[in-house]
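*Asks:* Dumping the structure here so I can ask a few things about it.
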Amino acid sequence: MYRTLDSDKIVATLVQLGARIVARFPQSSLSRVCAELAEVARENKARAARLAQPNWRLRAGVALILLLGAALTVYVARVLGASETPHELFGLQGLETIINITVLVGAGVLFLVTFESRVKRNEALEDIHELRSIVHVIDMHQLTKDPTAGSLRGPDTAASPPRLLSPFELTRYLDYCSEMLSLTAKVAALYAQSSSDAVVVDAVNDLERLTTNLSQKIWQKITLISESRQMAYPPGPTAQP
């Protein structure tokens with residue numbers, strides 16, 4: 001039960017996070033980003049489940065092509081064997097021709113056998129790329145959030161972004177961004193969970209490293225907010241026993 005990620009619970013967590021963001025920041029576009037991420041998670045849930053299952057139609061088509069290729073090879077061998085000059089097959093030119101045919105047939109067989117895995121890999125990489133784009137959208141939402149919006153903030157300029165959030169609200173906003181980054185990585189991890197493709201696993205790990213690094217930046221801001229509040233409102237003297 002606790003050895004694999006549950007896609008339904010990931011979606012439910014995203015829906016709950018979206019409700020929290022709407023309750024705290026009803027006019028914020030961050031809630032719409034979270035809703036979009038929840039919709040992508042629903043879609044990727046079905047895609048990851050589909051990619052984990054064998055594509056029997058594709059496999060049947062590959063098997064049919066392989067059978068036709070094998071039948072054609074046998075037919076050509078019989079025709080050559082029934083020719084009036086079979087000894088030519090054992091000459092240098094004939095041996096080279098046989099080697100070339102064998103290499104080409106082997107390459108074709110390898111291409112067809114790995115065709116399904118390559119199709120699934122491309123689909124998974126497209127979805128992971130979409131999640132990576134969402135990660136950067138989330139990062140853009142926290143980019144202009146000033147951790148010194150309290151007493152340490154200097155005078156604004158004409159180009160300064162609006163800073164209307166209190167330190168508490170800013171902390172909650174940044175925390176929501178961090179949660180969204182973590183959940184985005186969990187949506188991507190569904191592909192690594194259902195695939196043994198090394199390229200897909202590496203892409204998922206790369207996305208997880210990206211979200212971890214961005215989350216660390218966010219928590220550095222949260223730490224600065226906490227420190228600035230302590231400087232603005234230092235604790236009172238400790239009571240003597």
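The values are calculated or read from the model by the stated rules, or taken from the named source; none is laboratory data. Since we're looking at a predicted model, the values are computed, not measured. Glycine also receives a Cβ, built like all others from the backbone with ideal geometry; neighbour counts cover every protein chain displayed.
*Asks:* Looking at (1) assigned to a loop (DSSP other than H, G, I, E, B); (2) at pLDDT 95 or above, which is the only condition residue 179 fails?
*Replies:* (1)
*Asks:* Being without any contact (Cβ under 8 Å) to a residue 40 or more places away in the chain, surrounded by 14 or more Cβ atoms within 10 Å (Cβ to Cβ), polar (S, T, N, Q) and in contact with a helix residue (DSSP H, G or I) (Cβ under 8 Å, 6 or more places away or on another chain) narrows it down to one of 215, 195, 228, so name that one.
*Replies:* After ruling out the rest, the residue left standing is 215.
*Asks:* State yes or no: is residue 163 outside any loop (DSSP other than H, G, I, E, B), at pLDDT 70 or above, out of contact with any Pro (no Cβ under 9 Å at 6 or more places or on another chain) and not aromatic (Phe, Trp, Tyr)?
*Replies:* The answer is no for residue 163.
*Asks:* May I pose another question? Going through 203, 149 one at a time, which residue ends up being modelled with pLDDT of 85 or more and not basic (Lys, Arg)?
*Replies:* Of 203, 149, the one residue that is modelled with pLDDT of 85 or more and not basic (Lys, Arg) is 203.
*Asks:* Has the stretch 81-102 got any residue that is in a helix (DSSP H, G or I), of a type in the set (Gly, Ala, Ser) and either in contact with a Phe, Trp or Tyr (Cβ under 9 Å, 6 or more places away or on another chain) or at pLDDT below 70 (or both)?
*Replies:* Yes, the stretch 81-102 contains at least one residue that is in a helix (DSSP H, G or I), of a type in the set (Gly, Ala, Ser) and either in contact with a Phe, Trp or Tyr (Cβ under 9 Å, 6 or more places away or on another chain) or at pLDDT below 70 (or both).
*Asks:* Another one. Tell me which residues, restricted to the stretch 17-57, are of a type in the set (S, T, N, Q), surrounded by 13 or more Cβ atoms within 10 Å (Cβ to Cβ) and either under 17 Å from the mean Cα position of the chain (by Cα) or part of a helix (DSSP H, G or I) (or both).
*Replies:* Selection gives 31, 44.
*Asks:* While we're looking at this one, here's another question. Report yes if residue 184 is modelled with pLDDT of 70 or more, of a type in the set (Val, Ile, Thr) and part of a loop (DSSP other than H, G, I, E, B), otherwise no.
*Replies:* No, not satisfied.
*Asks:* Turning to a different aspect of this structure: Where residues in the stretch 171-210 are within 18 Å of residue 138 (Cα to Cα) and charged (D, E, K, R), which of them is farthest from the chain's Cα centre (by Cα)?
*Replies:* 172
*Asks:* Would you check if there is a residue in the stretch 114-121 being within 13 Å of the chain's Cα centre (by Cα), in a helix (DSSP H, G or I) and either surrounded by 16 or more Cβ atoms within 10 Å (Cβ to Cβ) or at pLDDT below 80 (or both)?
*Replies:* Yes, the stretch 114-121 contains at least one residue that is within 13 Å of the chain's Cα centre (by Cα), in a helix (DSSP H, G or I) and either surrounded by 16 or more Cβ atoms within 10 Å (Cβ to Cβ) or at pLDDT below 80 (or both).
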